[in-house]
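The values are calculated or read from the model by the stated rules, or taken from the named source; none is laboratory data. None of the values given here were measured: they were computed from a predicted structure. Because the Cβ atoms are built from the backbone with ideal geometry, glycine has one as well, and the counts that use them run over all protein chains shown.
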Amino acid sequence: MKFVIPLLLSFLFVQCAYNNIPALYKKYNSNEYLYWSKTRRLTWGDFQGIPLDLSGKTASGIHVYNPATIEKENIFTPAKLTAICVFDKRTSWVNEKVATKSLLLYDQVIFDIYELYTRKLREEFSKTDFNIDNYKEKFRQLTEKNNGELIKNVEQFRKDTSSGQIAGATILWRDKISDELDRLEKYSSNFAK
């Protein structure tokens, strides 16, 4: 009996903590997805999907997402943004016959660009005034603008590096994106406004 009450309290605490985790985090589990991390870089083992091109013309396919949600319970609570950056292990693939370290770096930079725009969304969120009447519309505008800029940046990266064929250009982009990520370190995690 002496140990039952602390055990029950521990279970209750864990259950409450799990229920407070935003649904977005529950949806993207670690078996199928990899959250962006400064210390955990991509490996070819993370690419678990079935290769779509075995001809050697395309060596890999990367699928990265940056979903975001906003919540505002009532007029008295602050708006809460949940924005994440995840790599989909199931649909990202590699043709191991033509995979190189340079190509893996290219895919990592794409993942980094997505994380950069996740942070930029958090930064914009922190600067925006939300009220109960307009928070969904303002959130939609912010995410549309952010995602448009993300797509343009990824397209420019692909163009500048010839889809990873120009290793020197990939390294320049890696350094540029790394500097921007460092500048936005303050926005590396979620927060309520």
message: Going residue by residue through the stretch 96-116, is there one that turns out to be part of a loop (DSSP other than H, G, I, E, B) and touching a Gly at 6+ places or on another chain (Cβ under 8 Å)?
response: yes
- request: Determine the pairs where a residue that is under 25 Å from Ser102 (Cβ atoms) and aromatic (Phe, Trp, Tyr), located within the stretch 27-44, has a partner that is assigned to a loop (DSSP other than H, G, I, E, B) and modelled with pLDDT under 95 with Cβ atoms under 6 Å apart, the partner being 6 or more residues away or on another chain.
  value: Trp44/Ala99
- line: Ser92 passes all but one of the listed conditions (1) without any contact (Cβ under 8 Å) to a residue 40 or more places away in the chain; (2) surrounded by 13 or more Cβ atoms within 10 Å (Cβ to Cβ); the exception is number (1)
- request: Might you check whether a residue that is under 15 Å from the mean Cα position of the chain (by Cα), farther than 21 Å from Lys159 by Cβ and surrounded by 15 or more Cβ atoms within 10 Å (Cβ to Cβ) occurs anywhere in the stretch 47-64?
  value: no
query: Which of the residues belonging to the stretch 117-137 are in a helix (DSSP H, G or I) and within 19 Å of Tyr187 (Cα to Cα)?
result: Tyr117, Thr118, Arg119, Lys120, Leu121, Arg122, Glu123, Glu124, Phe125, Ser126, Lys127
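Per-residue answers, yes or no, for (1) modelled with pLDDT under 90; (2) within 30 Å of Ile177 (Cβ to Cβ); (3) part of a loop (DSSP other than H, G, I, E, B):
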residue: Ile5; (1), (2), (3): yes, no, no
residue: Phe13; (1), (2), (3): yes, no, no
residue: Tyr18; (1), (2), (3): yes, no, no
residue: Asn31; (1), (2), (3): yes, yes, yes
residue: Leu34; (1), (2), (3): no, yes, no
residue: Lys38; (1), (2), (3): no, yes, yes
residue: Leu42; (1), (2), (3): no, yes, yes
residue: Asp53; (1), (2), (3): yes, yes, yes
residue: Lys57; (1), (2), (3): yes, yes, yes
query: Looking at this structure, is Thr128 farther than 13 Å from Trp36 by Cβ and more than 17 Å from the chain's Cα centre (by Cα)?
result: yes
- prompt: Among Asp112, Asp160, which is the only one that is within 30 Å of Pro51 (Cβ to Cβ) and surrounded by 20 or more Cβ atoms within 10 Å (Cβ to Cβ)?
  reply: Asp112
